[in-house]
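Working notes for the structure below.
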Amino acid sequence: QKTAYEIYQCDWSSDVCSSDLAHRLDEIDRFLRAADPHEVHLVLSSTLSETVLIKTIDRFSHLATDRIIFTKLDEAVGFGVILNVLRQVDQKLAFVTNGQNVPNDIQRPTGARLAEWVLGRNENTGTSEVGGEGTSNDQGV
């Protein structure tokens, strides 16, 4: 039996000034409290430095995100940063994207695939395709 679910996505440019960002985060916080979602995913670009990723996660920490999605794996220089960030923030990796063909490039990574990426043993960033097949539930790396 499938459980009904809805997906809400919020996106804005990274050049939002600090005061505007605080206001927008407050709006999102109110929305999330009213919606009472099962999961909240924070979407991050894998092209950013570890320092910037940690600062971004910290900036969004009061939203109580459950999982992280890393985008732009096809543009990333290396994958070790992803594991370092996940370890530091103690969150699971729900999905990754490796191209601009959404939803086909949205994928659920496995531990084995992440190890291959970090060790540089596989040039292909493909994993099992998800393409909108529900939420991640307790799955994640």
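The values are calculated or read from the model by the stated rules, or taken from the named source; none is laboratory data. A quick note: this is a predicted structure, and the numbers were derived from the prediction, not measured. In this analysis, Cβ positions are derived from the backbone assuming ideal geometry, glycine residues included, and neighbour counts consider all displayed protein chains. The area values use the complete protein model at the heavy-atom level, side chains included, leaving out ligands, DNA and RNA. Shrake-Rupley method; radii C 1.70, N 1.55, O 1.52, S 1.80 Å.
Go through segment 62-82 and report how many residues are open to solvent by less than 70 Å² (accessible area, probe 1.4 Å) and in a helix (DSSP H, G or I). Full working, then the answer.
Of segment 62-82, the ones open to solvent by less than 70 Å² (accessible area, probe 1.4 Å) are 63-71, 73, 76, 78-82.
Next cut, in a helix (DSSP H, G or I) only: 63, 73, 80-82.
The number of residues fulfilling the criteria is 5.
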- Message: Quick check on my filter: what residues within segment 83-101 are in a helix (DSSP H, G or I) and touching a strand residue (DSSP E or B) at 6+ places or on another chain (Cβ under 8 Å)?
- Response: Val85, Leu86, Val89
- Note on the structure: Val141 fails exactly one of (1) over 19 Å from Tyr5 (Cβ atoms); (2) in contact with a strand residue (DSSP E or B) (Cβ under 6 Å, 6 or more places away or on another chain); (3) of a type outside the set (S, T, N, Q); (4) modelled with pLDDT of 85 or more, namely (4)
- Message: Return the pair list, or none, for Cβ contacts closer than 6 Å from residues in segment 37-53 that are within 15 Å of Asp74 (Cβ to Cβ) to residues that are part of a loop (DSSP other than H, G, I, E, B), at least 6 apart or on different chains.
- Response: Ser45/Lys72; Ser46/Lys72; Ser46/Ala76; Thr47/Lys72; Thr47/Ala76
- When segment 41-61 is checked residue by residue, the ones that are open to solvent by 60 Å² or more (accessible area, probe 1.4 Å), aliphatic (A, V, I, L, M) and either touching a helix residue (DSSP H, G or I) at 6+ places or on another chain (Cβ under 8 Å) or part of a helix (DSSP H, G or I) (or both) are Leu48, Val52
